[in-house]
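Structure first, commentary second.
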């Protein structure tokens, strides 16, 4: 048995507010294998982005911090690692692409410099070599005439181009893990498609494992191997992507899959109402109530759900679900 | 489907939220307390402490604590405490009046420029730029010297050299809010420009404008003090700044003559600054962590 | 880039002409005219003499002709005669401008550099003692009248502890030239420059702190962290250059106020610059001199604005039209 | 029966700072029949929102005609415009920005009746209660301020405000794109129900083809200020004709496309050109895989292919385009 590339164990992240720690992520464990693409899905406020930031030790502190658990990267715990060590990992072993390409690049430096400095810091390359590497990266991510474009400043590029530059920065050190947090949400659909094609190509070339955070079920289906669904800071379902789409187990997951309109060719004659998940995600400070946090919104809620929070159970087929319905069926 | 909760929470308006935040800010509440105390003393003090501020009442240059005039006397034998109590009125009156003029011009110019944009904006911004180039104190000196140093002229002079930053801020807020969907929504239900400017955009631009208006009072007080110090004060009234100016040649003999009026100005403006800071934090709770 | 600056320059010339027009209009609409002032000084004159003097000064001409003459004169460097000193105003200003520039530039640089450093450091450690110190200093500096601060500093550093000279720019007794003279001037410069700097130090430390806090919370600083940039590079390379932009902008915008502050500080310390000249012209009701100073100071502000604009363009490649 | 909305050759040009002009909307024509939803689809910069705002008279119209219920409202003002506004209302994109933070929910919903002078004060109050119930809000929430509501609830308030004057036409400007996935369905169902129950017409703006397909009867695809393809829902999605429509369809990520190879899809190169100086000829030619010389030389007119289905492409009927359409269709589920 090999150790996974990344293994998160019992992670808890809390934000301090008025003197108390309010957990926004709890009991979170998952593994990531070499070269695998893992999708993390959920509505906003479910703890997806903060989980991603925690992997790089970037939880904004204060007020946030990792209060429990381990983040094992190749067996080494990154929780509590020294800043110096984290800086060696960031951008080099694990790198990240953010949601907002318009604001994620420094406006006062050229894009070439912003790629090159990463290579200089991690590989100790000379200025000239690092610049050459930056130009190569620009060409790799599909920016035309990269040797001239390297001298451009971010404001001279479109949103799609900037996101390509972000990807170039993330990949310049050939990381083992690439975390992409809603990388295309701010972009147009046709540009989104270009970026995802680029991800697929680069994955083949570089072989990095990818963690893709998104709220878009279509994107997950198209891009990932395995999916993890988060609700209110917890993992509630995990499994291979095909089963996630075709046979979701948790009522929240099935709600997510069926509440979006699907493009159909040819279109149906009669339009039916979409499935609705009522209500909203509870605020983190309301999570201390007993019972399953999804129970107030669940259409299959049972009396038990309101009193006890179901634990994550491993099913016979290897999928994991945290729902009393599973136990009822099994029993 | 509606909300999961069954009872509606109590309505909380943005102003109520801000007031709650403000009350929790000890420094700001302290500032408010100091300012109220200073205002009350300046308004009522002269009726309680009736020593005439402009007459010789004792030996000149008497140090504090050595006579019945607890803060001592100045080079003309005038009671310093009486001067401070009476001078506060003038200082505060000019401060508030000048701030009022500043804010009135600043908000009007900024609102028009920001709301209408285009040529109106271009023209008004040129005017603003012009007033920004004039060194404000020098220009106020010229105005007061040419038109005479009465309180009204002084207030007007301070007002017309101080409004530019308020105008810029107002303009920025108006430009930002003008583009927001709720303004478009108001238009789509038939709201006219007058309603949009005064009833829709201005209330939403109010928080930063209230902060600068508060601070404008402090700046105006400092300004009045500066003019008085230079001798450009109403000859018929005493203000704290004038007391410093009058006593300056005698700092070696009576340092208290400049120290106490200066402290009064400092305390007043500090109180206003604390209030301004508190308001700022109260209106932007997200920045509170700073 | 150059074109933008040229535009600014053209704009600046228009502004200066506007200052002159305003100057002239003010005198025109103000009660009394120069002749009355002179007559007042002389202690009376016959109506014929007043008429003659009016004609001599061109005051009998229509407003538009007068203003044309005035603008023409200024263009040739003639700001009129001082009614008190009896010298050309240009000459008077020329003699004093160096002292003012020395004071203002020293104070500005001190305030900007120390203010930025304090602001940047305190932004990194929000709850540290330094951070609270900056907050307090900023509040106090904003609230104290600058001339009073000057007097208090004199009482402290010249009277109680006699370290520094009370006033003037040179020691009256000193005849020395060369390095000794320079040191003497610097010795006299410390207190006034410190006084003037204190006020703006408060302002810049506060501004730099707020700006740095905003930048530290920005997406691109997060990107720099996520790339594994060492803290040193994150702060001094990625954050600082962006955080300093508003400081530069305000250095230009506030220059007029700095000159105003200098008027008060010079008066306190009898520093022989434009400020004391302005103070004296008020005492002597010397309108031409005061207006000349106003014009010259406006010109300094305009030049400063063009300079800060240039600096801004160098730091920020986005070349925002401001 | 008169059309609810008739737009003819609508143009909206904005001046830029440097003397140029943004051709945001450049010759738009369509009609909207009563009780139907008309979808305008396109990416950012296509001019879809500007076009909608022009129809609602919230943006200055450069030229062309907008007729509401047969009445020309292109240049009306004052009382005439107020009268028109009763019949055309808007639901905005961002429910966090479209409600005045200083006004209570009830007064936000009542405001259109106050400003457009509809009914007596007591009738207005009654109408507010009715509207709250209609959009699924409780009457005891009337006194709350916008920040006390969730995004979905805010959008319900926005819908209630748009319904207050009982308009025949509602302009929906990306009404769900700022909402969380699970909340989008709530609002889309609400809009669908209101359309059925009240016989409303919608001018529906969206970048999301799936949403448009779900809700709209007629659909126009916009690119750089112009319509490149227009047709009924059935026509457009059964037989898309314009290469840009194909590209949009194939760019939609869909759960059914697990592991689908990218080669079967149309990918566009680069970004749309600037609307300040749109290129000669077909505006899409620069990004089109099928562009020929004539595409770059002459602008293809919008021509009717069959029924109400029209396309602005020289090569619309050629076989290689058709082949791609078939490949497209096979990768998606049939309705």
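Throughout, read-outs are computed from the coordinates displayed, never taken from laboratory work. Remember, it's a predicted structure, so these values are computed and weren't measured experimentally. Using ideal geometry, Cβ is built from the backbone for each residue, glycine included, and neighbour counts are taken over all protein chains shown.
Using a Gaussian network model of chain B in which every pair of alpha carbons under 10 angstrom is joined by a spring, one finds that among B:163, B:198, B:58 the greatest mean-square fluctuation is at B:198.
For the protein assembly as shown, just say rounded, prolate or oblate: build the C-alpha gyration tensor, square-root its eigenvalues into a ≥ b ≥ c, call rounded for a/c under 1.5, and beyond that prolate if a/b exceeds b/c, oblate if not.
Values: a/c = 1.97, a/b = 1.75, b/c = 1.13.
Prolate.
What is the log10 of I(q)/I(0) for the range C:59-166, computed with the Debye formula using one identical point scatterer on each Cα and no solvent, at q = 0.20 Å⁻¹? Debye intensities relative to I(0), on a log10 scale: -1.15.
Measuring r between the beta carbons of residue B:126 and residue A:315 and using R0 = 60 Å, the FRET efficiency lands at 0.25. Between the C-alpha center of the range D:99-163 and that of the range A:180-226 there is a gap of 41 Å.
Just so you know, the Rg over Rh for the range A:1-150 is 1.02, from Cα atoms, with Rh as the Kirkwood radius. Take every pair of alpha-carbon atoms less than 8 Å apart whose residues are at least six positions apart; their mean separation over the length of the range A:94-174 yields a relative contact order of 44 percent. Along each principal axis, taking the top coordinate minus the bottom one, the Cα set of the range C:89-315 gives 64, 40, 36 Å in descending order.
Each part reduced to its alpha carbon centroid, the range A:69-144 and the range B:210-253 end up 57 Å apart.
Among C:137, B:189, the order by Cβ neighbours within 10 angstrom, fewest to most, reads C:137, B:189.
Determine the distance separating the Cα centre of the range C:114-187 from the Cα centre of the range B:54-81; give it in Å without decimals. About 31 Å separates the Cα centre of the range C:114-187 from the one of the range B:54-81.
Is the shape of chain B best called rounded, prolate or oblate, per the rule: a/c under 1.5 gives rounded, else a/b larger than b/c gives prolate, else oblate, with a ≥ b ≥ c the square roots of the Cα gyration tensor eigenvalues?
On the way: a/c = 3.25, a/b = 1.71, b/c = 1.90.
Since a/c reaches 1.5 but b/c is at least a/b, the shape of chain B is classed as oblate.
Over the range A:224-272, calculate the relative contact order: mean separation of alpha carbon pairs under 8 Å at least 6 apart, over the residue count, as a percent. Before the final figure, lay out the partial values.
Numbers: 34 pairs, mean separation 11.3, N = 49.
23 percent.
From a point 7 Å beyond the Cα of residue B:20 in the direction of its Cβ, which residues of the range D:120-156 have a backbone N at a distance under 17 Å? Once the point is set 7 Å along Cα→Cβ of residue B:20, D:143-150 turn out to lie under 17 Å by backbone N, inside the range D:120-156. Considering only B:211, B:103, B:200, the Gaussian network model of chain B with Cα springs below 10 Å gives its largest mean-square fluctuation to B:200. A Förster radius of 35 Å combined with the Cβ-Cβ distance from residue A:306 to residue D:196 puts the calculated FRET efficiency at roughly 0.50. If you look at the Cα atoms of the range B:154-290, you get an Rg and a Dmax of 20.6, 72 Å.
Given just the C-alpha atoms of the range C:114-161, how large is their convex hull per residue in cubic angstrom? Intermediate results must be reported in sequence, preceding the final value.
Numbers: hull volume 4.2 nm³, N = 48.
Output value, Cα hull per residue: 88 Å³.
The simple spin-label model puts a point 7 Å past each Cα toward its Cβ; for residue C:185 and residue A:18 those points are separated by 6.2 nm. Altogether, the Stokes-Einstein calculation at 25 °C and 0.890 mPa s, with the Kirkwood radius of chain D over Cα pairs as Rh, returns a diffusion coefficient of 116 µm²/s.
Between residue A:88 and residue A:102, what is 0.36 nm times their sequence separation minus the Cα-Cα distance? Round to one decimal in nm.
Values: separation 14, 0.36 × 14 = 5.04 nm, distance 2.64 nm.
Gain on extension, residue A:88 to residue A:102, equals 2.4 nm.
Shape summary of chain A, radius of gyration then Dmax from alpha carbon positions: 21.0, 67 Å.
Is it possible to state the helix-based mean residue ellipticity at 222 nm for the protein assembly as shown, with each DSSP H run of 4+ residues giving -39500 (n - 2.57), the sum divided by total residues, to the nearest 500 deg cm²/dmol? What is it? Numbers along the way, then the final one.
Details: 48 runs with 656 residues, N = 1278.
Helices in the protein assembly as shown give a 222 nm mean residue ellipticity of -16500 deg cm²/dmol.
The mean count of C-beta atoms from other chains within 10 Å of the C-beta of residues in B:123-136, rounded to a whole number, is 6.
Each label point was placed 7 Å from the Cα along the Cα-to-Cβ direction; for residue A:34 and residue D:297 their separation is 5.8 nm. The modelled label-to-label distance for the pair residue D:289/residue C:161, using points 7 Å beyond Cα in the direction of Cβ, is 8.0 nm. A Förster radius of 56 Å, combined with the Cβ-Cβ distance separating residue D:317 from residue B:119, puts the computed FRET efficiency at roughly 0.65. Listed by Cβ neighbour count within 10 Å, with the fewest neighbours leading, D:202, A:252 appear as D:202, A:252. Springs join every pair of Cα atoms under 10 Å in this Gaussian network model of chain C, and among C:237, C:125, C:227 the largest mean-square fluctuation is at C:227.
Across peptide A:182-192, what mean number of C-beta atoms from other chains lies inside 10 Å of a residue's C-beta?
Details: counts 0, 0, 1, 0, 1, 2, 11, 13, 16, 7, 3.
That average works out to 5.
For the range C:89-315, relative contact order (Cα pairs under 8 Å, six or more residues apart, normalised by length) works out to 31 percent.
Per-residue mean of foreign Cβ neighbours for A:108-119 is 3 (Cβ atoms of other chains, 10 Å radius). Specify whether the C-alpha gyration tensor of the range A:34-82 places it in the rounded, prolate or oblate class, a ≥ b ≥ c being the square roots of the eigenvalues: rounded for a/c under 1.5, otherwise prolate if a/b is larger than b/c and oblate if not. It is oblate, given that a/c is not under 1.5 and a/b is not larger than b/c.
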